[in-house]
Amino acid sequence: MVQSRSDGNRIFIAGAGIGGLTAALSLSRRSRAVTVIEQADELRPVGSGLQLPPNTMQVLRDLGLEDALLPHVVAPRAIEVMTWRGDAPVAEIPLGALAEKRYGAPYLVIHRADLQAVLLKAARASAGITLRLGTRLRGAAQNSDRIKLELEQAAGEADGEIPLDHDTGAALIGADGVWSTVRRRVMGLRAAAFSGRTAYRAVIPASDVPERWRNVTGLWLGPRAHVVHYPVSGGERFNLVALVEEDWQEEVWSGPADRSALLDRFRDWPGACRELLSLPSSWLKWALCSMDPGTSWVDGRFALLGDAAHAMLPFAAQGAAMAIEDAEALARHLDQGADDIPRALRAYESERQDRAERVMRLARSNDRIYHMSGPLALARDMVMRSLPSERLLARLDWLYGWRPPGA
Ligand SMILES: Cc1cc2nc3c(=O)[nH]c(=O)nc-3n(C[C@H](O)[C@H](O)[C@H](O)COP(=O)(O)OP(=O)(O)OC[C@H]3O[C@@H](n4cnc5c(N)ncnc54)[C@H](O)[C@@H]3O)c2cc1C
């Protein structure tokens, strides 16, 4: 028999990814009871690198996670920008101590699995957080004073409904990523669409990589493609991503990639770039899907955060950062407006939406700029060469200088 008990104040979060776990921790810190529902029966160490720019670090610091993150991160000295025409940098954007001084927090890089593991450990240690792994949100309904969930077992012996101590509560937060069920099924909003870009990812031992690249983020620009690389896992491993404009022919949105076809795609690129791309013995590829700005993230007691609200191309390296910022803002508004949840959620949306959409536009504009060819690319390189390196960083002060209000 299905147990069903009401807890009128409980907040439900669908998705134990980066945004969902951060939101749970931020809410529990404000003494709110939270249940996180995650379809994966185990959070396996999949994925590759993520960038944790200074705008995320204040939130993670406030959650007391900085010390736990430190063994896993690297603070790159700079972003070195090269092009497909040669391996000498056309620009160097200083990070390291300079970024930390400018923004009061470091610019870090990390493996997604390490970040998720740190968040998960903290969530497991928080008395106010209930974690339900192996449980998929299928749907939800709401009336004026509560929400009710429809859940299913994601894998295992039996299909059908599963018991939860509580299946009704004050709000449902969709932190369920780019293919969000809360977005599509619960709120009836448009799904993400394939962007015409594929990310090829690999993680290799850092000891295999030439010394030159081990303490920087490298960015190679070229016609209809670019390459990004940086160290992860406290400098032990090295993350390589090649982002390519191409059609997607497969039935699933990720899978093993054809290594020799990938190397062939970059055959005209500089030797140093090709050397890096040739190091991994295998690659995984991911279809990059994104959304258009402008849809609502809130409907009564339902709200979206992270990729479920604003999945974007990873070309501003802000996907995880925006989910972390959203999580902090959501928890703050739910705490301050606990007596009127729909209003608190609308306040969350109105604080966050402009900023997230500005970042989505930045990612699209970087897509155009990074993939230019011919005279436009030459003009781009000339401008980058002519700008003092600190000016290149200062252009992003609005992004990296963000702090939670009151921090
Ligand atoms: C397995 C995985 C690996 C990734 N690897 C990378 C990477 O290497 N580099 C990178 O830049 N980005 C990666 N991403 C995406 C990146 O994590 C996000 O773009 C960003 O961190 C924003 O996070 P999010 O919390 O909005 O969503 P995500 O971190 O994607 O988390 C969404 C979570 O919701 C869960 N979920 C989905 N539907 C349901 C449902 N119906 N019921 C219950 N749970 C559900 C998913 O299993 C997932 O755990 C990855 C995402 C996933 C899920």
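Annotations
- Selection within region 364-379 - buried (at least 19 other Cβ atoms within 10 Å of the Cβ) and either without any contact (Cβ under 8 Å) to a residue 60 or more places away in the chain or part of a helix (DSSP H, G or I) (or both): D367, Y370, A377
- Restricting A327, A317, A344 to residues that are in contact with a helix residue (DSSP H, G or I) (Cβ under 6 Å, 6 or more places away or on another chain) and under 27 Å from D114 (Cα atoms) narrows the list to A327.
- Region 36-79, residues that are in a helix (DSSP H, G or I), surrounded by fewer than 21 Cβ atoms within 10 Å (Cβ to Cβ) and either more than 16 Å from the ligand (Cβ to nearest atom) or at pLDDT below 95 (or both): Q58, R61, D62, E66, D67, A68, L70, P71
- Of the criteria (1) within 13 Å of the ligand (Cβ to nearest atom); (2) at pLDDT 95 or above, which one A171 fails: (1)
- Subset of region 303-314 [more than 10 Å from the ligand (Cβ to nearest atom) and buried (at least 24 other Cβ atoms within 10 Å of the Cβ)]: A303
- Considering residues of region 316-344 that are among the small types (G, A, S) and not in a helix (DSSP H, G or I) only, the residue nearest to the ligand (Cβ to nearest atom): A317
- Selection status of A105, away from the ligand (no atom under 15 Å from the Cβ) and in a strand (DSSP E or B): no
- Of everything listed in (1) surrounded by fewer than 18 Cβ atoms within 10 Å (Cβ to Cβ); (2) not in a helix (DSSP H, G or I), the single unmet condition for M382 is (2).
The values are calculated or read from the model by the stated rules, or taken from the named source; none is laboratory data. The shown structure was predicted, so the numbers you read here are calculated from the model rather than taken from an experiment. Virtual Cβ from ideal backbone geometry, glycine too; neighbours counted across all protein chains shown.
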